[in-house]
1. Being more than 24 Å from Gly67 (Cβ to Cβ), of a type in the set (A, V, I, L, M, F, W, C) and in contact with a helix residue (DSSP H, G or I) (Cβ under 7 Å, 6 or more places away or on another chain) is the filter here; which residues of segment 104-127 pass it?
2. Determine, yes or no, whether Gly148 is modelled with pLDDT under 90, outside any loop (DSSP other than H, G, I, E, B) and not acidic (Asp, Glu).
3. On the basis of being part of a loop (DSSP other than H, G, I, E, B) and without any contact (Cβ under 8 Å) to a residue 60 or more places away in the chain, does Lys76 make the cut?
4. From the residues in segment 1-30 that are among the acidic types (Asp, Glu), over 21 Å from Phe132 (Cβ atoms) and surrounded by 12 or more Cβ atoms within 10 Å (Cβ to Cβ), which one is modelled with the lowest pLDDT?
5. So which of Val53, Val90, Val33, Val57 ends up being in a helix (DSSP H, G or I), over 26 Å from Pro134 (Cβ atoms) and touching a helix residue (DSSP H, G or I) at 6+ places or on another chain (Cβ under 7 Å)?
6. Determine whether segment 128-135 contains at least one residue that is free of Cβ contacts under 8 Å to residues at least 12 places away in the same chain and either polar (S, T, N, Q) or out of contact with any Pro (no Cβ under 8 Å at 6 or more places or on another chain) (or both).
7. Determine whether segment 109-127 contains at least one residue that is β-branched (Val, Ile, Thr) and without any contact (Cβ under 8 Å) to a residue 24 or more places away in the chain.
8. In contact with an Asp or Glu (Cβ under 9 Å, 6 or more places away or on another chain) and modelled with pLDDT under 95: is that true of Glu54 in this structure?
Amino acid sequence: MRSNELIEFSKELEHIKAFLNIENVDDETGLVVEYQTEELDFRIPPLTVEPLVENAVIHGIGTLESGGVITVSSKKTDGGYTVCVEDNGVGFDVEHTELGVGLENAKTRLESQCGGKLSFESRPGCTKAMVFVPDPKSPNDKTAFKRG
């Protein structure tokens, strides 16, 4: 796979499930992973959402004594598609926390390969990592980030 090649989101979802399977997150930690994927038929840079799930497992849920819930959702929005990875972990200060290498790489690939955006909202008990991918067929402004 070339580094600038986009893949179907359904393939990215396979990467996410493979990561979670390797980590045995549900068997050993009591972690619940929910999928609310209304939309699967759009293209995204590879390994863009998987690092968000990995961070939710390690940094969000990993510090809880047990359990935790991660929700991966996708839907069509104005001008594109939104993917959200939400966890009920400890949260973090979005304004004063630097992104790690994996998240910085995902953000850069999103911006350069498809004009996408990555953003975060966080407070104790709820962190959301949101990816917006513009629909190349949409007449709307492809650079606008729509939350939803």
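1. First, the residues of segment 104-127 that are more than 24 Å from Gly67 (Cβ to Cβ): 104-119.
Still in the list and also of a type in the set (A, V, I, L, M, F, W, C): 106, 110, 114, 118.
Those that are more than 24 Å from Gly67 (Cβ to Cβ), of a type in the set (A, V, I, L, M, F, W, C) and in contact with a helix residue (DSSP H, G or I) (Cβ under 7 Å, 6 or more places away or on another chain): Ala106, Leu118.
2. On the way: modelled with pLDDT under 90: yes; outside any loop (DSSP other than H, G, I, E, B): no; not acidic (Asp, Glu): yes.
Taking the combined requirement at face value, the residue does not satisfy it.
3. Working: part of a loop (DSSP other than H, G, I, E, B): no; without any contact (Cβ under 8 Å) to a residue 60 or more places away in the chain: yes.
For Lys76, the condition - part of a loop (DSSP other than H, G, I, E, B) and without any contact (Cβ under 8 Å) to a residue 60 or more places away in the chain - is not met.
4. Step one: list which residues in segment 1-30 are among the acidic types (Asp, Glu), which gives 5, 8, 12, 14, 23, 26-28.
Now restrict to residues that are over 21 Å from Phe132 (Cβ atoms): 14, 23, 26-28.
When the remaining residues are screened for being surrounded by 12 or more Cβ atoms within 10 Å (Cβ to Cβ), the result is 14, 23, 26.
Working: Glu14: 95, Glu23: 72, Asp26: 57.
In this case the residue turns out to be Asp26.
5. Numbers: Val53 fails: over 26 Å from Pro134 (Cβ atoms); Val90 fails: in a helix (DSSP H, G or I); Val33 fails: in a helix (DSSP H, G or I).
When all the criteria are applied, what remains is Val57.
6. To start, the set of residues in segment 128-135 that are free of Cβ contacts under 8 Å to residues at least 12 places away in the same chain comprises none.
The answer is no, given that none of the residues of segment 128-135 is free of Cβ contacts under 8 Å to residues at least 12 places away in the same chain and either polar (S, T, N, Q) or out of contact with any Pro (no Cβ under 8 Å at 6 or more places or on another chain) (or both).
7. Looking only at segment 109-127, we keep the residues that are β-branched (Val, Ile, Thr), and these are 127.
Still in the list and also without any contact (Cβ under 8 Å) to a residue 24 or more places away in the chain: none.
No; the residues of segment 109-127 include none that is β-branched (Val, Ile, Thr) and without any contact (Cβ under 8 Å) to a residue 24 or more places away in the chain.
8. On the way: in contact with an Asp or Glu (Cβ under 9 Å, 6 or more places away or on another chain): yes; modelled with pLDDT under 95: yes.
Against the criterion (in contact with an Asp or Glu (Cβ under 9 Å, 6 or more places away or on another chain) and modelled with pLDDT under 95), Glu54 qualifies.
The values are calculated or read from the model by the stated rules, or taken from the named source; none is laboratory data. Predicted model, so just to flag it, every value in this text is computed and none were measured. FYI the Cβ positions are ideal-geometry reconstructions off the backbone, even for glycines, and counts take in every protein chain you see.
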